[in-house]
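S.K.: Quick one: this structure, given as C-alpha cells, is what I'll be asking you about.
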Amino acid sequence: MPSHQPTSGDPAVKPEFSSSTAPAQSKPAPEEPVRNKKYDPKKPHITETPMTRKNWYKHVNWLNVFLIVGIPMIGCVVALWTPLCWQTLVWSVIYYYWTGFGITAGYHRLWAHTSYSATLPLKIFLAAVGGGAVEGSIRWWARDHRAHHRYTDTDKDPYSVRKGLLYSHFGWMLMKQNPKRIGRTDISDLNDDPVVVWQHKHYLSVVFFMGLVFPSLVAGLGWGDYFGGFIYAGILRIFFVQQATFCVNSLAHWLGDQPFDDRNSPRDHLITALVTLGEGYHNFHHEFPSDYRNAIEWFQYDPTKWAIWSWKKLGLAYDLKQFRNNEIEKGRLQQQQKKLDQKRGKLDWGVPLDQLPVMEWDDYVDQANNGRALVAVAGIVHDVTDFVNDHPGGKNMIRSGMGKDATAMFNGGVYNHSNAAHNLLSTMRVGVIRGGMEVEVWKRAAQENKDTMIIKDGEGNKILRAGNQVTKMVDPPASAGAA
Ligand SMILES: [Zn+2]
Ligand SMILES: [Zn+2]
C-alpha cells in the first residue's frame with residue numbers, strides 16, 4: 001500500500017503532506033495539469049537522469065526519508081528514556097488496530113475498491129483513523145492503488161515488486177518517482193465523495209491531529225501520560241502501522257502460494273495476513289479485488305473482513321460485495337489444471353503416433369523373426385527388448401506375442417493388462433503398421449475416441465486419461481496373429 005507523496009509537481013496527483021514543492025490545490029482535478037511553476041513537462045525529470053556519485057542525492061526524496069525512516073529512529077531513541085506504562089501500551093495497541101483498519105477497511109476495501117458501502121459516521125471514522133496511519137490522503141492512496149491493480153508488475157505499477165522487494169516496500173517512496181510513469185486511473189467517484197475531498201483538502205491538519213495529537217490527548221487526559229502517548233501511541237505506532245501495511249506491496253507480492261493465477265506476482269500467505277490485518281491473501285485479492293473479503297475460508301485470518309461484517313450487523317456498512325463461489329472455484333480449478341499440465345509435460349508418454357515411422361506388416365514380421373523383440377498391439381509396433389526379462393508374466397509370454405498381432409492377447413486374450421501396463425507399453429513405441437487388419441484396429445480405436453481424439457492441455461501436450469490408451473481395447477477383434 002502506498003504511503004507518502006512520492007514526487008512533487010505531479011500533474012495528475014494532488015500534493016500530499018510530504019510534497020515540498022507543489023502548492024496545495026483547493027479542488028481536486030486529477031486529469032488537468034496543475035499550474036505548477038516548478039513542474040515543467042519539457043524538462044527531463046530527475047529519474048530520467050542516470051544516478052551518479054555527484055547527483056545521487058537529487059534522486060532521494062529527503063522529506064519521505066525523514067518521515068518514514070528518520071522520525072521512527074528518533075522515536076526509538078527517545079523511547080529508551082520514556083517509561084512505558086501499561087495503559088499507554090494497551091492504548092497504543094488499540095490505536096494501532098484502529099489506524100490499521102482505517103487503511104485496510106477504509107482506504108483499501110472501501111475507497112480504492114468500493115467493495116462495500118459505508119454510512120456517513122463510519123466513513124468519517126475511517127477517514128479520520130486512516131489519516132492517523134500517516135500514509136497519504138485517501139484520494140492519493142486510492143489513485144496509486146488502482147494503478148497498482150491495473151498495471152500490476154509493469155512499469156506503470158507505482159510499487160512494482162519486479163523492481164525489487166525493498167523498492168516495493170518503501171524504496172518507491174524514498175526515491176523520487178517520475179509522475180509521468182505511473183499509470184492513469186479513474187478516480188471520479190472519489191472526487192464526488194465529500195468525505196474524501198474534505199480529508200484531502202485538510203490532510204495536513206488531519207494527519208497532525210489524528211497521527212500525534214489525538215493519541216497523546218487520550219493518554220494524557222486518561223491517565224496523565226501525554227509524552228508516553230506521543231512517543232508510543234503516536235510516533236512508534238505510526239512506524240509499526242506503516243511498515244505493516246507496506247508489507248502488502250512487498251511481502252504479499254513475494255512470499256506464498258498462487259492458488260488462483262500465477263501469471264502475476266501476488267501471493268497468499270498466513271504470515272503476510274497476520275502482519276497486515278488480513279490483507280495477506282493477495283493472490284485472491286488481485287483476482288477478485290471488489291470482494292470485501294481477502295480470505296474466503298472461515299479459518300483464515302482476515303480481521304478486516306470480520307470488522308466490515310460486524311459493521312454490517314450494526315447497520316454501519318451495507319452492500320458488501322462478494323464474488324460467487326462458482327467464479328472463485330473456476331479460477332482455482334484453472335490454476336490447478338495449469339499445474340497439472342506442467343507436471344504432465346515432464347512425463348514420458350511415448351513418441352506421438354503421428355511422429356512414428358510407418359512399417360509394412362511383412363517388414364514387422366521379418367524383423368521380429370530375425371531376433372528383434374517387436375510386439376504389435378493395436379497396429380502399433382513396440383520394441384520390448386529391454387523389458388523382456390522384466391515382464392511380470394514371464395519371458396515366454398511376451399515372446400509368444402512377438403511378430404504377431406498381440407492386440408487380443410494383451411487385452412484379455414491371455415491377460416487383461418493393467419492401466420500401468422498400457423502406459424508403460426506406450427513408452428516402447430517404435431512404429432505403426434500400414435495396411436491390413438491391424439490398421440483397422442487402429443481406426444476402430446479412433447472411432448472410440450481414444451488417442452486420436454486430440455485433447456491438448458495448456459502446454460500443448462495431449463491429455464491421455466487412464467483407460468484411453470490407444471492399445472486399450474475393451475472388446476478386441478479376433479485377428480489372424482492373435483493367440
Ligand atoms: Zn498488490
Ligand atoms: Zn487492492
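S.K.: Please determine, by comparing only the residues of region 224-280 that are charged (D, E, K, R), within 13 Å of ligand 1 (Cβ to nearest atom) and buried (at least 21 other Cβ atoms within 10 Å of the Cβ), which one is farthest from residue 307 (Cα to Cα).
M.R.: Step by step, filter region 224-280, then rank; the result is 267.
S.K.: Please verify whether region 313-322 includes one or more residues that are outside any loop (DSSP other than H, G, I, E, B) and within 16 Å of ligand 1 (Cβ to nearest atom).
M.R.: No, every residue in region 313-322 fails to be outside any loop (DSSP other than H, G, I, E, B) and within 16 Å of ligand 1 (Cβ to nearest atom).
S.K.: Something else now. Just for region 104-118: of the residues that are touching a residue at least 40 places away in the same chain (Cβ under 8 Å) and small (Gly, Ala, Ser), which one is nearest to ligand 1 (Cβ to nearest atom)?
M.R.: Step by step, filter region 104-118, then rank; the result is 115.
S.K.: Among the residues of region 106-121, count how many are within 11 Å of ligand 2 (Cβ to nearest atom), of a type in the set (Phe, Trp, Tyr) and farther than 14 Å from residue 248 by Cβ.
M.R.: Number of matching residues: 1.
S.K.: Another question, then. Which of the helices (runs of 4 or more DSSP H) contained wholly in region 189-295 include at least 1 residues that are within 16 Å of ligand 2 (Cβ to nearest atom) and more than 16 Å from residue 101 (Cα to Cα)?
M.R.: Counting at least 1 such residues, we get 237-249, 282-287.
S.K.: Among the listed residues 184, 139, 143, identify the single one that is within 26 Å of the chain's Cα centre (by Cα), closer than 25 Å to residue 62 by Cβ, more than 16 Å from ligand 1 (Cβ to nearest atom) and of a type in the set (D, E, K, R).
M.R.: Matching residue, one of 184, 139, 143: 139.
S.K.: Hey, can you tell me all the residues within region 152-173 that are in contact (Cβ under 8 Å) with a residue 40 or more places away in the chain and away from ligand 1 (no atom under 11 Å from the Cβ)?
M.R.: 162, 165, 166, 169, 170, 172, 173, listed by residue number.
Quick grid of which residues meet (1) within 18 Å of residue 242 (Cβ to Cβ); (2) touching a Pro at 6+ places or on another chain (Cβ under 7 Å); (3) surrounded by 21 or more Cβ atoms within 10 Å (Cβ to Cβ):
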{"residue": "97", "(1), (2), (3)": "yes, no, no"}
{"residue": "116", "(1), (2), (3)": "no, no, yes"}
{"residue": "121", "(1), (2), (3)": "no, no, no"}
{"residue": "125", "(1), (2), (3)": "no, no, no"}
{"residue": "155", "(1), (2), (3)": "no, no, no"}
{"residue": "162", "(1), (2), (3)": "no, no, no"}
{"residue": "181", "(1), (2), (3)": "no, no, no"}
{"residue": "187", "(1), (2), (3)": "no, yes, yes"}
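S.K.: Okay, moving on. Return the only residue of 202, 149 being without any contact (Cβ under 8 Å) to a residue 60 or more places away in the chain and not hydrophobic (A, V, I, L, M, F, W, C).
M.R.: Unique residue meeting the criteria: 202.
S.K.: Follow-up question, since we're still on this one. Could you pull out the residue among 323, 288 that is out of contact with any Gly (no Cβ under 6 Å at 6 or more places or on another chain) and over 30 Å from residue 164 (Cβ atoms)?
M.R.: The match here is 323.
S.K.: Anything in region 323-361 that is of a type in the set (Asp, Glu), in contact (Cβ under 8 Å) with a residue 24 or more places away in the chain and assigned to a helix (DSSP H, G or I)? List them, or say none.
M.R.: Correct list: 327, 341.
FYI, it's all coordinate maths here, none of it is from the lab. All of these numbers come straight from a predicted model, not from anything done at the bench. Cβ: placed from backbone, ideal geometry, glycine included. Neighbour counts: every protein chain shown.
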